[in-house]
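Asker: Submitted below is the structure of interest, expressed as structure tokens.
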Amino acid sequence: MKALIKVTLKNGVLDPQGKAIEGALAGLGVGGVESVRQGKLFEIALAETDAGKAKEQVERMCRGLLANMVIENYSYEISE
Amino acid sequence: MRASVIVFPGSNCDRDIKVALEAVLGGKVNMVWHGEAEVPASDVIVLPGGFSYGDYLRCGAMAAQAPIMRDVIAKAKAGTPVLGICNGFQVLTETQLLPGVLMRNASLKFVCRDVHLKVEQTDTPFSRAYTKGQVVRMPIAHHDGNYFTDADTLARLEGEGRVVFRYVDAKGERTAAANPNGALADIAGICSENRRIVGLMPHPERLYEPMLGGIDGRGMIESLLAAA
């Protein structure tokens, strides 16, 4: 199965890298960018074939390593 | 005194702390590779500075999952004093032995300069040799030293007197200019509930003998000798 996992900063957490990107987009001449927050995307191929077990594995990966629960949220899609 | 320093792939301040520990404590220091299952019996364990795992994913995130950390955590919970310096502090927060997180410096710059710290707590194994309120100078060199935690945890840290080191100017005043990385409440270093685990971003091992330009950091190691 495949898991597509997104890790993003919680609202209210300072994101200076997002701000820097926002500035650079303005420099590109793209107007109307009101804010930028930067996150991470993980593509994980799992040997597991049972959807329920795959979900458990992904939850453990997110909470245990991929996301720092102090400052980040995670979401995911699992597919065949 | 038996000291152990944990070495991760990418740690680069392990030899500096080893040399400082040997000079101040006397005796040999165990260098313990991250892949080992156990830390030798130790009176102190140090997680050194550096770029473990290249800072990939998050600083200290993967080091926190290294095989040796199971035993480091067990020994820490059993009361062995543990010191996390810079990347070591990041590893301690990722293992949740210390609360909070070290984020990218607010300026986005890697900051490499001396800072001044106020020693606010002198009842930890790493700060007994200082006097309460003493202002010391130590070098920092980091890109991700911006300490952050939620309001409840901050209130608990302050209420329980667990902020050990705070960024101040040379006169001991908290100012924006004195904070090199945007850290919440100017926090440079904190301790655990049992007060035996300390993490800080500055590098005491870089200022422990006169040849290095100062000895303000030496007290952190001498404190182990004074430990009750």
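Asker: Treating cross-link reach as a plain straight distance, find the lysines whose alpha-carbon is under 26 Å from the alpha-carbon of A:K10, omitting any fewer than eight places away in the same chain.
Answerer: By straight Cα distance, A:K10 reaches A:K2, A:K19, A:K40, A:K55, B:K109.
Asker: Still on this structure: Given the DSSP H assignment, sum -39500 (n - 2.57) over each helix run of at least 4 residues in chain A and divide by its residue total; what's the result at 222 nm in deg cm²/dmol, nearest 500?
Answerer: So the helix-based figure for chain A works out to -9500 deg cm²/dmol.
Asker: Taking the Cβ of B:G189 as the centre, find all other residues whose Cβ is under 13 Å away and add up their charges (Lys, Arg: +1; Asp, Glu: -1).
Answerer: Here the charged neighbours net out to +2.
Asker: How many percent of all Cα-Cα pairs in segment B:1-75 sit more than 19 Å apart?
Answerer: Counting pairs separated by more than 19 Å, the tail of P(r) holds 31 percent.
Asker: Once you keep just the Cα pairs under 8 angstrom separated by 6 or more residues, what percentage relative contact order results for chain A?
Answerer: Relative contact order comes out at 53 percent.
Asker: Using only the Cα atoms of the protein assembly as shown, what are the Rg and Dmax in Å?
Answerer: Cα radius of gyration and Dmax of the protein assembly as shown are 20.3, 64 Å respectively.
Asker: Another question about this same structure. Given the convex hull of the Cα atoms of segment A:2-79, what is a quarter of its surface area in nm²?
Answerer: Directional mean of the projected Cα hull area for segment A:2-79 stands at 6.3 nm².
Asker: Follow-up question, since we're still on this one. So which trypsin sites (Lys or Arg not before Pro) in segment B:111-214 are both in a DSSP loop and have at most 16 other Cβ atoms within 10 Å of their Cβ?
Answerer: B:K132, B:K171, B:R174
Asker: Okay, moving on. Which percent, nearest 5, of DSSP beta bridges in the protein assembly as shown are antiparallel?
Answerer: 70 percent
Asker: Using helices alone, what [θ] at 222 nm do you get for chain B, with -39,500 (n - 2.57) per DSSP H run of 4 or more residues, divided over all residues and rounded to the nearest 500?
Answerer: Mean residue ellipticity at 222 nm (helix-derived): -6000 deg cm²/dmol.
Asker: For B:K28, go through the lysines and keep the ones whose alpha-carbon is under 19 Å away, minus same-chain ones fewer than eight residues off.
Answerer: Within the straight-line limit of under 19 Å, B:K28 reaches these lysines: B:K18.
Asker: For a quick check, take a GNM of chain A with Cα springs below 10 Å and name the residue from A:E34, A:E48, A:E22 with the largest mean-square fluctuation.
Answerer: In this elastic network of chain A, the residue with the biggest mean-square fluctuation among A:E34, A:E48, A:E22 is A:E34.
Asker: May I ask you to list the chymotrypsin sites (Phe, Trp or Tyr not before Pro) in segment B:1-106 that are in a DSSP loop and have at most 15 other Cβ atoms within 10 Å of their Cβ?
Answerer: Answer by residue number: B:Y56.
Asker: Calculate, in whole percent, how much of the Cα-Cα pair population of segment B:3-226 lies beyond 28 Å.
Answerer: In whole percent, the share of Cα-Cα pairs in segment B:3-226 beyond 28 Å is 19.
Asker: Here's another thing I want to ask about it. Between beta-carbons, use under 14 Å as the cut-off and find the net charge around B:V101, counting Lys and Arg +1, Asp and Glu -1.
Answerer: Result for the local shell: -3.
Asker: Another question, then. Any idea which of A:Y74, B:L207, B:N194 is furthest toward the positive side of the dipole for the protein assembly as shown, if Lys and Arg beta-carbons carry +1 and Asp and Glu beta-carbons -1?
Answerer: Ranked along the dipole, the leading option is B:L207.
Asker: Right, another one. Quote the FRET efficiency, to the nearest 0.05, computed for B:C112 versus A:L46 with a Förster distance R0 of 41 Å and r equal to the Cβ-Cβ distance.
Answerer: 0.45
Asker: Measure nothing fancy, just the Cα-based angle from helix A:51-61's long axis to the longest principal axis of chain A, in degrees from 0 to 90, nearest 10.
Answerer: Long axis of A:51-61 versus the principal axis of chain A: about 50 degrees.
Asker: Provide the FRET efficiency to the nearest 0.05 for the A:Q17-A:M69 pair, computing r from the beta carbons and using R0 = 30 Å.
Answerer: 0.90
Only the coordinates and a few stated rules stand behind these numbers; no lab work does. Predicted model, so just to flag it, every value in this text is computed and none were measured. Positions of Cβ are generated from backbone atoms using ideal geometry, with glycine treated the same way; all protein chains shown enter the neighbour counts.
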